[in-house]
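All of the numbers you see were taken from the coordinates with simple rules; none came from a lab. Here the structure is a predicted model, which means the values were calculated and not measured. Here Cβ is always computed from backbone atoms with ideal geometry, including for glycine, and neighbour counts include all displayed protein chains.
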Amino acid sequence: MAIGGAETPLFVYYAKEIANYYHLPVRAGGGLTDAKAVDYQAGKETALNLFATYGAGIDFIIHACGILDTYNTISFEKLVLDEEAALSIKRQFKGFVVDDKHMMVEEIAKAGPGGSYINKRTPKIYREEFMLPKLANRETTQNWLKDGAKSVESLAAEMVEERIGNYKLPELADFQKKILEKYIPQEWNAD
């Protein structure tokens with residue numbers, strides 16, 4: 001079965017229903033695609049699969065980010081793009097609250113026609129309610145061109161390089177090092 005096909009999201013919903021029937025947690029879905037490159041096909045298939053995964057309420061997602069070529073390849077650039085897609089989808093499923101605080105009914109009434117109801121609570125509510133992407137471009141075309149017209153793929157590559165450059169090896173206790181020494185060849189030792 002192609003993991004990027006239209007049937008995969010159906011399988012995710014099916015797996016969740018079976019798990020619910022037996023009162024079990026379920027592992028399924030993720031950022032799955034048959035695409036061989038980080039391209040439109042990868043984005044479309046991943047988005048549909050992630051949306052179904054979150055929509056079904058899957059309990060554990062092992063292949064959430066970075067998968068390409070029907071599990072045969074991993075892409076660090078796709079990993080960071082998939083992270084952002086997952087955050088966007090999670091935001092959609094969070095929904096929104098309709099109440100006086102969030103709708104700012106009193107502030108709007110006090111401001112009256114032509115007045116401004118934007119106040120100190122507005123930025124806080126904005127940060128709570130809006131998912132601000134690091135990779136997706138929301139600039140005008142003019143600003144995008146002025147800033148170098150970078151593609152989302154090139155921004156993802158930059159983010160990967162930044163993460164790798166900023167990586168700090170965690171401290172390991174002596175007993176942990178001894179365990180790892182059994183499995184890691186000496187020539188791979190980073191010390």
task: Report the label-to-label distance for ASN137 and GLU17 in nanometres (one decimal), using points 7 Å from each Cα along the Cα→Cβ vector.
output: 4.2 nm
statement: Residue-ordered couplings for region 32-48, obtained by feeding phi - 60° into the Karplus form 6.51 cos²θ - 1.76 cosθ + 1.60 and rounding to whole Hz (Gly and Pro as x), are 8, 7, 9, 4, 9, 9, 7, 9, 4, 4, 4, x, 5, 5, 4, 4, 5
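As a check on your grasp of the helix formula, calculate [θ] at 222 nm for the chain: sum -39500 (n - 2.57) over DSSP H runs of n ≥ 4, divide by the residue count, round to the nearest 500. All intermediate terms of the calculation are to be shown ahead of the outcome.
Working: 9 runs with 100 residues, N = 191.
Helix-only estimate at 222 nm: -16000 deg cm²/dmol.
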task: Run the numbers on the chain and let me know its relative contact order in percent, using alpha-carbon pairs under 8 Å that are six or more apart.
output: 16 percent
message: To test your reading of the geometry: what angle, between 0 and 90 degrees and rounded to tens, separates the Cα axis of helix 7-21 from the longest principal axis of the chain?
response: 90 degrees
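How large is the translational diffusion coefficient of the chain in µm² per second when you combine the Kirkwood radius over alpha carbon pairs with Stokes-Einstein at 4 °C and 1.567 mPa s?
On the way: Rh = 20.4 Å.
Estimated diffusion coefficient is 63 µm²/s.
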message: Of the candidates THR70, THR141, THR53, which one comes out as most mobile in a Gaussian network treatment of the chain with C-alpha springs shorter than 10 Å?
response: THR141
query: Tell me, in nm to one decimal, what length is gained between ALA6 and THR122 on full extension, where the rule is 0.36 nm per residue of separation less the Cα-Cα distance?
result: 37.7 nm
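Would you mind ranking SER75, SER88, SER151 by Cβ crowding within 10 Å, fewest neighbours first?
SER151, SER88, SER75
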message: Within region 112-126, list the residues whose amide N lies under 17 Å from a label point set 7 Å along Cα→Cβ of HIS102.
response: 121-126
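Which value, in Å³ per residue, describes the convex hull spanned by the Cα atoms of region 103-191?
Details: hull volume 19.6 nm³, N = 89.
Per residue, the Cα convex hull of region 103-191 comes to 220 Å³.
Quick one: length gained pulling PHE93 to LYS182 fully straight, 0.36 nm per residue minus the C-alpha distance? Working shown, then result.
Numbers: separation 89, 0.36 × 89 = 32.04 nm, distance 4.47 nm.
Length gained between PHE93 and LYS182: 27.6 nm.
Convex hull over the Cα atoms of region 53-115, averaged projected area in nm²?
On the way: hull surface 28.9 nm².
Taking the Cα atoms of region 53-115, their convex hull projects to 7.2 nm² on average.
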query: Could you give P(r) for region 1-94, binned at 10 Å from zero, as whole percent values over all Cα-Cα pairs?
result: 19, 52, 26, 4
